[in-house]
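Read-outs: derived from the displayed coordinates by stated rules, not from any lab. Nothing here was measured: the structure is a model prediction, and the numbers come from that model. All Cβ positions, even for glycine, are placed from backbone atoms using ideal geometry, and neighbour counts span all protein chains on display.
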Amino acid sequence: MNVALVIARNTISEALRRKVLNAFLMVGVAVIVLTFAFGQFQARQDLTIVKGMGLGIISLAGILITIILSINLIPNEIERRTIYTILSKPVRRYEFLIGKYLGALGTLLLNILAMSVFFVIAFAIKQALAGPENPINPLSLFKATLMIYMQLLLLSSLAIFLSVFTTPLVNFFLSFSLFIVGNLSSFTQDLAKNGANPIVKGFFLAVHYIVPNFGNFQYVNPLVNPEVQVKSEFLFLSQNVIYALVYAAVLMILAILAFDRREV
Amino acid sequence: MRFNPSQRGSLLAAAAFLAICVVVLQARIDPLRRQPAIEPPKLGKVGGSLGNAGASLPFEYTLGALSGFRQVIAGLLWVRSDTFFHSGNYDAILPCIRLITWLDPNWLDPYATGAWHMMYNFTDTDQRSDRRYLPAGLALLKEGIDNNSGQYDMYKEMGWNNYDKIKNFSEAAKYYKLGMENDKDFDITQIEHALAHSYEKSGQTELAIATWEDAVKRHKAIVDDPKATPDAKARNQQGYENSRRNLFITRVRQYHRKTQTQPPVDVQFSAQVVRVRPKVLEISGQWNLIGSKAYDPTDANKPNEFGKGMLSVGPVDGARVDVRLQDAGYQMPAPTEFNFDVDSDLTIMQDALSTRGGKTVKAGGIYVWRKQEGGSLTPDQNKAQIYAFDPKDGANPGIPLAKALAGGAALSPAGQQQLATAAKVSFAELRGDSAKIADLTKQGYSVATSDRSILGKFKREIDMSKDPKMYGFKSDKYELILSINPASAPDFVQDRIGLMGEGWTDKRFLDTKTLPGVRLIRQKIDLSRTDLLGTERKVLYGSPAVVSTAK
């Protein structure tokens, strides 16, 4: 497993050197700053907009970083032929794949953490200046960023799994499409419930349970509207964390199996 | 090194097992995720086309909503709907509201504002509400309650709309009570005060008193709480004083109305309906609208002294006759799911006509004679129950004051009291003051030589021809309902006729069945489509002699 960790560390170093990812991070931070200029947005409480916008930007920037990072991890190694050097050493294929995945997760963690910490501090200052009637604990925003991270963890495993047998371009659109479908899982669930045709019902039911349910991780509403009461919040959050980890494990096992048979 | 078949099999088995775990986990997450606090209700249950909003909703809104900017997109749509409001494009607002409440179901303003639009702002040219939207407005508020059941705000909105617009006071009380029960941090003034008013208007005076007592205690507790903020203390001090005063007034009314609303007044309601031209009706009539002219001042600091209650009674202005024209047999449906597509074939018109001009004088009493209609009476004249008559009311019912005091007519004891009250001097002093008598005579003061009473009148031309979208007249049969609800009458009228109409009666139009426990004055007139669309002027109901229809 040490081998995987070494590969992970290298992957993080390499990813942090990539300008495109840093650009996304910088854009994310810049837009968060811009969000705080929404003081004149009187239609909705200023802080509400700041929370919704800030968390949305972290999510969006995270999605782009995840997809662009993950779809290129394996193909880049193959294209540059560095994979031959690595695999000729006492490195098993699954260790290589797991190392790459852990590297992606580490990179994402650093990015999301950077944006989150920046956002939470900025929000705390903004809230202190605004002096709202019912202030929230700024640290509670980390619940949403945790969910965003778990969503990206799952998305990354999906993109890596697909990258084993698709080109980066195809993988980009495939991952993005599956991400959107996975975000619409409420609709597919409703269609499965309300559909009259048993074949249609079965299809949407299968979609609901098989496609990664990225919509599970939307946890912005209770933070934007702190007056709402979430039932079983801890259970909801912890089950989502487990869901992301288990589903990612499934995808990584399948990726390992596919990569194991692939001629490189 | 690659996996051998056995290892591959083990890994596949592990993946299959974990995949089953994923399905089980998803099944456990679904019910938690579908709570309104986390995820909006399903779009599938939304009724009504998205109309202009759907067409004008740019792709970036949709994309934004999908990518985690739900609340932000809702905020942008809110700005857009505000633009629609200011440009008069009301039809486009409702789809926006629909989308906003779907994207951000815990944002309360759009529910309240959307319902306000539907209940009040969709009107015809003469500002009469389009009542076809009322079920949709109530359904939107119901959805707001379902999505925010732990907060009092939506119950308050539902209560207020039932109280003010629908005039269903018991339903209003139900929602205010739910607001109190479901949110322990409810606003006492907004919820409990309104609950007490609703109880009173629905005839549950004992409950109203108990609610005021509770409100007094709650306000006092906050005022006395050392931890309460100065702002909260100030607000609750005001609330405390208001609720104490209202508690006392309610008790006084309860005490006096038992006796002072008897014997029942004969309302003598009559009406006439004239078709002026197609879709234009002139509705006029008269009835004996009387109420309290002076009330013994009450003092909340002396809670056991109820004073004398009504000091004088007489014709008053102010109560309204409700007029409703609708497709025969229409009943407003119960609010179910929000759907803003109204039935374009349905016709409902509702208006309220104020009653004015009732007056009376007894032989030997004082009145003011005016050569032409118009002018208002002074507070002193009102206090003395003096009414003004003019040629429109018929011949002068008496003679000028100076002439009467010179021996032309005798003043009754009541007339002498009226004169003393209005002139602010005793009758004996006045008799010796010829200048004052001349001045009062110049002002029109006169002494009645016979009894004269004029009933309060109502009259309005209702033009439905200017709004064909609202009044389609597609049905063959209609019903025109004229009604007076005592619960909606002003307090000074209820002081005499009672809260539920126990102090009035009518030989022809007293209705005790439509609203259980309420003695309505109600007249239903069946009309046909031809009656409403005919071109010639025609009296559709009533006698032309009741009220002159001349303009």
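Computed values, structure above
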{"quantity": "Space enclosed by the convex hull of the alpha-carbon atoms of the protein assembly as shown, per residue, Å³", "calculated": "207"}
{"quantity": "Other-chain or far-sequence residues with amide H under 5 Å of residue B:504's (modelled H)", "calculated": "B:265"}
{"quantity": "Sequence-distant lysines (8 or more away, or on other chains) whose Cα lies within less than 17 Å of residue B:392", "calculated": "B:359, B:371, B:457, B:459, B:551"}
{"quantity": "Close Lys-Lys pairs in the range B:106-228, where close means Cα under 14 Å and separation is 8 or more or interchain", "calculated": "9"}
{"quantity": "Charge-dipole axis of the protein assembly as shown as Lys and Arg at +1 and Asp and Glu at -1 on Cβ define it, positive-most pick from B:494, B:154, A:16", "calculated": "A:16"}
{"quantity": "In nm, spacing of pseudo-spin labels at residue A:84 and residue A:33 (7 Å Cα→C-beta vector)", "calculated": "4.6"}
{"quantity": "Assigned charges on the beta-carbon of Lys, Arg, Asp, Glu; the protein assembly as shown dipole about Cα centre (debye)", "calculated": "420"}
{"quantity": "Spatial extent of the range A:2-261: Rg and Dmax, with the Cα atoms as the point set, Å", "calculated": "20.0, 64"}
{"quantity": "Burial ranking of peptide ranges A:138-146, B:492-500, B:7-15 (average Cβ count within 10 Å, highest at the top)", "calculated": "B:492-500, A:138-146, B:7-15"}
{"quantity": "Gain on full stretching of the segment that runs from residue B:90 to residue B:428 - 0.36 nm per residue minus C-alpha separation", "calculated": "115.0 nm"}
{"quantity": "Aspartates and glutamates whose Cα lies under 17 Å from that of residue B:293, excluding same-chain neighbours fewer than 8 positions away", "calculated": "B:317, B:380, B:491, B:495"}
{"quantity": "Peptide A:93-100 - average C-beta neighbours from other chains (10 Å radius)", "calculated": "1"}
{"quantity": "Pairwise Cα inverse-distance average, inverted: Kirkwood Rh of the range B:62-188 (Å)", "calculated": "15.2"}
{"quantity": "Charge dipole (debye, nearest 20) of the range B:359-454; +1 at Cβ of Lys and Arg, -1 at Cβ of Asp and Glu", "calculated": "60"}
{"quantity": "At least 15 Å along the helix axis (C-alpha) and Kyte average at least 1.0, DSSP helices within chain A", "calculated": "A:19-35, A:46-79, A:93-130, A:141-163, A:168-183, A:198-210, A:233-261"}
{"quantity": "Positive-end residue of B:473, B:283, B:7, charge dipole of chain B with Cβ unit charges", "calculated": "B:283"}
{"quantity": "Residues of type aspartates and glutamates that residue B:507 reaches as a straight line, Cα spacing below 15 Å, ignoring anything fewer than 8 places off in the same chain", "calculated": "B:266"}
{"quantity": "Positive-end residue of B:182, B:107, B:117, charge dipole of the range B:106-228 with Cβ unit charges", "calculated": "B:117"}
{"quantity": "For residue B:454, residues with placed amide H under 5 Å, excluding near neighbours", "calculated": "B:359, B:360"}
{"quantity": "Acute angle (nearest 10 degrees) that the helix B:134-147 long axis makes with the longest principal axis of chain B, alpha-carbon atoms", "calculated": "50"}
{"quantity": "The protein assembly as shown, helix-only ellipticity at 222 nm - DSSP H runs n ≥ 4, -39,500 (n - 2.57), divided by all residues, nearest 500", "calculated": "-17000 deg cm²/dmol"}
{"quantity": "Cα extents of the range B:301-432 along the three principal axes, largest first (Å)", "calculated": "76, 48, 22"}
{"quantity": "Using a Förster distance of 30 Å, the FRET efficiency for residue A:16-residue A:125 (Cβ separation, nearest 0.05)", "calculated": "0.60"}
{"quantity": "Helix B:230-260 vs. chain B, principal-axis angle (Cα, 0 to 90°, nearest 10)", "calculated": "50"}
{"quantity": "Relative contact order %, chain A, counting alpha carbon pairs below 8 Å whose residues are six or more apart", "calculated": "25"}
{"quantity": "Residues in the range B:375-407 that a label on residue B:312 would reach, taking backbone N under 13 Å of a point 7 Å out along Cα→Cβ", "calculated": "B:377-388"}
{"quantity": "Under the Debye formula (equal points on every Cα, no solvent term), log10 I(q)/I(0) of chain B at q = 0.05, 0.10, 0.12 Å⁻¹", "calculated": "-0.32, -1.02, -1.26"}
{"quantity": "Helix axis angle, B:169-182 relative to chain B longest principal axis, alpha carbon, degrees", "calculated": "40"}
{"quantity": "Pairs of lysine residues in the range A:2-261 - Cα separation under 30 Å, sequence separation of 8 or more or cross-chain", "calculated": "15"}
